[in-house]
Amino acid sequence: MAIKFEQVSFQYPSFDGKNFSALENINLEISDKGEFITLIGETGSGKSTLVQHMNALLRPNTGSVTIYGIKIEKNTNKNKKIKLNPLRQKVGLVFQFPEYQLFEETVLKDIIFGPKNFGVKEDEAIKRAKEVIKHVGLTEDYLGRSPFNLSGGEQKRVSIAGILAMEPDILVLDEPTSGLDPKGRDALLELFTNIHKKLNKTIIIITHDMNTVYKYASRVVVMHDAKLVYDGLPNMLFMDENIEKWNLDLPDIIGITKQLEAKLDITFTKKPHNVNELFELMKGVL
Amino acid sequence: MKNIIVGQYIPGKSFLYKMDPRSKILALFILMVSAFVFKDITHIIYMLLGVLVILKIGGIPIMRIARGLRPIMILLLFTFTFQVLFIKTGPVILDTVLTLTTINIGIMILAIVVWYYTRRYIKSKFFYMVLVIVGILTMLSLFTPGTVISSSNLTIYEDGLLGASFIMVRLIIIVTLSTILTLTTKPTDLNLGLERILKPLNLVKINSEEIALIISIALRYIPTLLDEANKIMLAQASRGVDFTEGKFKDKVMQIISLLVPMFIISFKRSDDLANAMEARSFVPGNKRTRIHILSWQSRDTLVIVFCLLVLTATVVVRVYL
Ligand SMILES: Nc1ncnc2c1ncn2[C@@H]1O[C@H](COP(=O)(O)OP(=O)(O)OP(=O)(O)O)[C@@H](O)[C@H]1O
Ligand SMILES: [Mg+2]
């Protein structure tokens, strides 16, 4: 297992002494080979906090997170012998808001910043930058521009490119598709799927879009009220009665299927993944 | 980062919270003036005790204030050292020669190295550092075998020591008093109070409302900006910036990677704030009505009278004693 959470709890400290509990007793295992995980849950349920534990940015208040054999606990940073930095190359984390990381004069410099920090030679890093900028749906012309004059969606893509260029084993993305147009969103998700399939890397995506979950994920983790309430297959999740309670909804295609079933008073043998499958199922019963 | 509590309101119930912000600001001002009127170390220590009593009655834990003082500890230490070294009047307390020899320079370096590597295991780092410095100085003056490399005189005079302590206590009093004000007053109340108190300045064409607004926005944004800085550090750390170590060149890069987003975000925030204010039809200088009406009560009068008595007493002490 590449990442293992054992009874992890985390509180954000606050001034008035009442600490805010953002994670409660989380147990989770993630492999670095071939998983496509979506992490969902309502706003404020602790998703971003959870992923920041995956590359040792935050340390649990109780319990432990083991990342590539290195055990992270409350007091881990006291011991300087443990180097956390290499973990951050292995587990690449793209933050929810790109403006927290962009700072160089040009997009190129910003993209090569990460790889150079991890000891990649400048020309190799530039080569990677030229690759990844295309992958995230921008052209090489963007490399010379200032990251601050880009639109929100373009900034998002640049920030993703900056992490991709580090070539992490596990890629964690905090709401990578928010603020993108539908086409750009699909293209990015295809990109992640490609990375996942071709390089057999693990992808973890935080999202609020159930269609993404249903279409791409091989595993879904649901957070609710600082607790991990579901960990399993997307198919099974959408049959769970609790999804109302967890403030989730159904993917469009399952919603349509359910309505059809109710209207026609039939039950299909399985749940379709896209319109074509639904069509086939319809042909079968009519 | 979380130690900086200036500008941070903490809810509570004591009389400090029930006071009118105007009276609190006035009282703070009067007491600060008193702190500056004192010239004698014993008197200002009485005042420090008085401030501690206020904290006690006001139900503010002293530890909170102590934590808030920590960031200015270095400043205090600097002032203290300079005062001690440069005031050269009054009786001599300590007169010694610091001698650097081939043997004790080795011990000194050893002590510094040991301190450097053990300091992270010690809880009160500050006292550990002071202890090591005092230890080294003592050794330099007393233990001097071997060949002398260089030596210099260290003379401490009574006035220097007293003066230094005096300034330290005065600074602590001032910071504590202002912290009490911001800890117990909601930013909105603080703003309103300031505005009312500065009102007379309108006569000389200085807009008190604007000044109050500027101050309250600045106070309001200190914690927010600290939070932002924290988030930026996390985002950069995930790209391999190790803020805890690095050579000087790396350090410069680390600071740039923190400051640039910080500036961009602050500008964006202030832009957003300006737009939000405009969208709510905020026009500087317009007449506005208030949700909260300040009410001056007898306890406020009492406090001000008391503070004025303190001030009078200090003046009397200063003039006649
Ligand atoms: N720096 C912080 N200080 C204090 N509390 C925080 C901090 N960051 C987050 N929180 C709190 O912790 C809880 C979990 O936050 P988190 O950012 O993990 O939520 P999330 O699931 O990512 O939500 P979203 O979908 O809106 O991104 C929230 O209720 C939030 O108020
Ligand atoms: Mg989030």
Checklist outcome for this item: D (µm²/s, integer) via Stokes-Einstein for the stretch B:88-158, Kirkwood Rh across alpha-carbon pairs, 20 °C, 1.002 mPa s: value 159 µm²/s
Checklist outcome for this item: For the pair residue B:52 and residue B:86, the simple spin-label estimate (label points 7 Å beyond Cα toward Cβ) gives in nm 3.0 nm
Checklist outcome for this item: Carbon and sulfur atoms account, in whole percent of the 1.4 Å probe accessible area of the protein assembly as shown, for 63 percent
Next on the checklist: Only sites in a loop by DSSP and with at most 14 other Cβ atoms within 10 Å count here; which trypsin sites (Lys or Arg not before Pro) in the stretch A:79-141 make the cut?
Outcome noted: A:80, A:81, A:83, A:121
Next on the checklist: Positive end of the dipole of the stretch A:3-250, charges at C-beta (+1 Lys, Arg; -1 Asp, Glu), about the Cα centre: which of A:94, A:31, A:44 has its Cα farthest in that direction?
Outcome noted: A:31
Item to check | Listed residues B:142, B:26, B:225, most fluctuating in chain B (Gaussian network, C-alpha, under 10 Å) | outcome: B:142
Checklist entry - Excluding same-chain residues fewer than 8 positions from residue A:121, which lysines have a Cα within less than 23 Å of its Cα? => result A:83, A:90, A:109, A:130, A:134, B:247, B:249, B:251
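Kyte-Doolittle mean at least -1.0 and Cα extent at least 30 Å along the axis: which DSSP H helices of chain A qualify? Present the calculation step by step, with values, prior to reporting the outcome.
Numbers: long enough: none.
Span-like helices, by this rule, are absent here.
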Checklist entry - In Å², what does the accessible area per residue of the protein assembly as shown work out to with a 1.4 Å probe? => result 54 Å²
Next on the checklist: Given a Förster distance of 25 Å, report the FRET efficiency between residue B:121 and residue B:248 from their Cβ-Cβ distance, rounded to the nearest 0.05.
Outcome noted: 0.45
Checklist entry - Of A:19, A:242, A:200, which is the most mobile in a GNM of chain A whose springs link Cα atoms less than 10 angstrom apart? => result A:19
Checklist entry - Total Å² of accessible surface buried at the B-A contact, 1.4 Å probe, nearest 100? => result 2600 Å²
Checklist entry - the stretch A:140-195: D in µm²/s via Stokes-Einstein (Kirkwood Rh, Cα pairs, 25 °C, 0.890 mPa s)? => result 202 µm²/s
Next on the checklist: Rounded to the nearest angstrom and ordered from largest down, what semi-axes does the equivalent ellipsoid of the protein assembly as shown get from its C-alpha gyration tensor (root of 5λ)?
Outcome noted: 56, 35, 23
Next on the checklist: Rounded to the nearest 20 debye, what is the charge dipole size of the stretch A:3-250 about its Cα centre when +1 sits on each Lys and Arg Cβ and -1 on each Asp and Glu Cβ?
Outcome noted: 1020 debye
Checklist entry - Just which residues of the stretch B:216-239 lose 30 Å² or more accessible area with every protein chain there, against their chain alone, with the probe set to 1.4 Å? => result B:231, B:234, B:235, B:237, B:238, B:239
Checklist entry - To the nearest whole number, what is the average tally of beta carbon atoms from other chains within 10 Å of the beta carbons of peptide A:48-57? => result 2
Checklist entry - What does a probe at residue B:95 reach in the stretch B:133-173, counting residues whose amide N is under 14 Å from the point 7 Å along Cα→Cβ? => result B:153-158
Next on the checklist: Quick one: the Cα spread of the stretch A:1-153 along its three principal axes, in angstroms, biggest first?
Outcome noted: 48, 32, 31
Item to check | Rounded to the nearest 20 debye, dipole of the protein assembly as shown from Cβ charges on Lys, Arg, Asp, Glu | outcome: 1540 debye
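Please compute the average number of Cβ atoms from other chains found within 10 Å of each residue's Cβ in peptide A:100-110.
4
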Checklist entry - Between residue B:313 and residue B:292, what FRET efficiency comes out of the Förster formula 1/(1 + (r/R0)^6) with R0 = 45 Å and r the beta carbon distance, rounded to 0.05? => result 0.85
Item to check | Cα→Cβ-extended label distance, 7 Å offset, between residue B:299 and residue B:63, nm | outcome: 2.6 nm
Checklist outcome for this item: Label model pair residue B:103, residue B:255: point-to-point distance (7 angstrom along the Cα→beta-carbon line) in nm is 4.2 nm
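The values are calculated or read from the model by the stated rules, or taken from the named source; none is laboratory data. This one's a predicted model, so the numbers in the text were calculated from it and none came from an experiment. Here the Cβ is made from the backbone with ideal geometry for all residues, glycine too, and neighbour counts use every protein chain on show. All accessible areas refer to the heavy atoms of the entire protein, side chains included, with ligands and DNA or RNA removed. Shrake-Rupley method; radii C 1.70, N 1.55, O 1.52, S 1.80 Å.
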